[in-house]
Every structure is written in C-alpha cells, then in structure tokens.
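Chemist: Quick one: the structure is below, and I'll ask about it shortly.
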Amino acid sequence: MRFRRRRGMEIAELVGQYLARVEEAVATMARGIGAALDGGPWDAVEELAVLTHRAESRADDLRRELERELVRGAYLAGTRRTLLDIVEGTDQVANAAEAAVDFLALQRVSLPPLLHPLVRDALDTVRSQVVDVREAVEGLLRGDPGVVARAEEVDRKESRVDDLYRRAVSRLFAIDLPLAEKILVREFLEKLAAVSDRAEDVGDLVVLAVAVRHP
C-alpha cells in the first residue's frame, strides 16, 4: 500500500509537469495571436507559432511518459482509465492551441480591427480557462472538495468564448471584406474557439470522475 501511495504521488507530480507544459503551449499561442493583433511582423508571429509547437512537443513527451506509468499500474484500474482519458483530453487542448496559431501564421490571416477586442477577450478567457483545467485535475488527484466548482468554471468560460465567437462572426459578416477573406477569418475564429471546447471536455471528465467516486 505504501508503494502504491508513493507511485501515486510520483504520478501526481508528473501530471502537474505535463499540465504546466499544456498551459505553456496555450499561453504561447496567445502571445502569437496577440502579436498579430498588435501589428507585429509576421516573422515574429511565426516564431511564436514555432515556440507553441515546441511547448506542445514537450507536453507530448510527458504525456507518453505518463501513459507508460499508468499502464504499468500506478493506480487502480478505474482511476487509471479516468486519468488516461483526462491526459488524452488535455493533449487535445495543446493540439488545438498549436493549430490555431499555426493557421493564423501560415495563412497570414489579417484580422479586422473591429474584431480585435473580441479576440483579445477570447484569448484572456482561454488562458484563464486552462489554468482552471490544471487546478481542477490537480485537485482531483488530491481529493480536494472544490474540484467540481473549478470544473464548472471551465464550462462557464467556454460559454463566454462561444458568445465571443458568435459576436465576432456576426461582426465579420457585417463589414465590407472579400468573401474569401471572411472565410479565412471565420476559420481562424473556429480554431481559437476549439481550444476552449477541448478545455471544456476535460472539465466534463473531471466532473464525471468525481461523480463516479461519490455517486
């Protein structure tokens, strides 16, 4: 039992490191998109896209290590399956962040100034949401009683990002731009909103895990 408890503590520490890398990928994505909004050179935006990719790659390395440890039986079967699902879910968050900034940088999407406040608000909300994801998952492993409230905050922020996305699309199609440009901007907005959607998925997994533990 003492050995299993020690292994559990090691896994919790590894999870924390992994989630920090996911959070880093999202924060770097936000810096890249923010640089584009600030009118910075595309070379700088592309460099931040590369840094996002590197952060996502570091997260991938930790994810694979985590999965190996979990498969070896660091937790009981039910908890192990739940944690594997959460790890896979947070991997999707980092992937979505990489996809959003890559699309912006590679396509050199010019975001209309009218949308800038909404995009900045969405970036701030997504970054805060991913912090909530990390704290919810770490709290789940510790058995903290406030885990569900933290996961519900993830869901609330997803609703906020969804509202910002809808408002941005509405503004986009109300301004005078070539249709091809509008389609590119909308696709970027969809990719940014997808980061928040993936974070919400992880929050839902945390709530489900708590419900299974305490039916």
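The values are calculated or read from the model by the stated rules, or taken from the named source; none is laboratory data. Nothing here was measured: the structure is a model prediction, and the numbers come from that model. Cβ atoms come from the backbone with ideal geometry, glycine included; neighbour counts cover every protein chain shown.
Chemist: Would you confirm, using the coordinates I've provided, whether L164 is buried (at least 19 other Cβ atoms within 10 Å of the Cβ) and either touching a residue at least 60 places away in the same chain (Cβ under 8 Å) or part of a helix (DSSP H, G or I) (or both)? Full working, then the answer.
Modeler: Details: buried (at least 19 other Cβ atoms within 10 Å of the Cβ): yes; either touching a residue at least 60 places away in the same chain (Cβ under 8 Å) or part of a helix (DSSP H, G or I) (or both): yes.
Yes; evaluated as a whole, the condition is true for this residue.
Chemist: Does E187 satisfy the condition of being surrounded by fewer than 16 Cβ atoms within 10 Å (Cβ to Cβ) and within 21 Å of T28 (Cα to Cα)? Even if it seems obvious, please write down each step before you answer.
Modeler: Details: surrounded by fewer than 16 Cβ atoms within 10 Å (Cβ to Cβ): yes; within 21 Å of T28 (Cα to Cα): yes.
Considered against the rule, which asks whether it is surrounded by fewer than 16 Cβ atoms within 10 Å (Cβ to Cβ) and within 21 Å of T28 (Cα to Cα), E187 comes out as yes.
Chemist: Being outside any helix (DSSP H, G or I), of a type in the set (K, R) and either at pLDDT below 95 or buried (at least 18 other Cβ atoms within 10 Å of the Cβ) (or both), is that true of even one residue in segment 150-158? Show your work before the answer.
Modeler: First pass over segment 150-158, keeping only residues outside any helix (DSSP H, G or I): none.
No, there is no match, as no residue in segment 150-158 is outside any helix (DSSP H, G or I), of a type in the set (K, R) and either at pLDDT below 95 or buried (at least 18 other Cβ atoms within 10 Å of the Cβ) (or both).
Chemist: Could you list all residues from segment 43-60 that are β-branched (V, I, T) and under 16 Å from the mean Cα position of the chain (by Cα)? Steps first, answer last, please.
Modeler: Looking only at segment 43-60, we keep the residues that are β-branched (V, I, T), and these are 45, 50, 52.
Within segment 43-60, just T52 meets the criteria.
Chemist: A further question on this structure: Of all residues in segment 101-118, how many are aliphatic (A, V, I, L, M) and either touching a Gly at 6+ places or on another chain (Cβ under 9 Å) or outside any helix (DSSP H, G or I) (or both)? Spell out the reasoning first.
Modeler: Step one: of segment 101-118, the residues aliphatic (A, V, I, L, M) are 101, 104-106, 109, 111, 114-115, 118.
When the remaining residues are screened for being either touching a Gly at 6+ places or on another chain (Cβ under 9 Å) or outside any helix (DSSP H, G or I) (or both), the result is 101, 104-105, 109, 111.
Residues in segment 101-118 being aliphatic (A, V, I, L, M) and either touching a Gly at 6+ places or on another chain (Cβ under 9 Å) or outside any helix (DSSP H, G or I) (or both): 5 in total.
Chemist: Let me ask something else. Can you find a residue that is in contact with a helix residue (DSSP H, G or I) (Cβ under 6 Å, 6 or more places away or on another chain), over 24 Å from A35 (Cβ atoms), among the small types (G, A, S) and surrounded by 15 or more Cβ atoms within 10 Å (Cβ to Cβ) anywhere in segment 99-106? Explain how you work it out, then say what you get.
Modeler: Step one: list which residues in segment 99-106 are in contact with a helix residue (DSSP H, G or I) (Cβ under 6 Å, 6 or more places away or on another chain), which gives 99-105.
Those left that are additionally over 24 Å from A35 (Cβ atoms): none.
No - not one qualifying residue is present in segment 99-106.
Chemist: From the list A94, A122, which residue is buried (at least 19 other Cβ atoms within 10 Å of the Cβ), touching a helix residue (DSSP H, G or I) at 6+ places or on another chain (Cβ under 8 Å), touching a residue at least 12 places away in the same chain (Cβ under 8 Å) and within 19 Å of A59 (Cα to Cα)? Step through it out loud before you land on a result.
Modeler: On the way: A122 fails: within 19 Å of A59 (Cα to Cα).
Answer to the check: A94.
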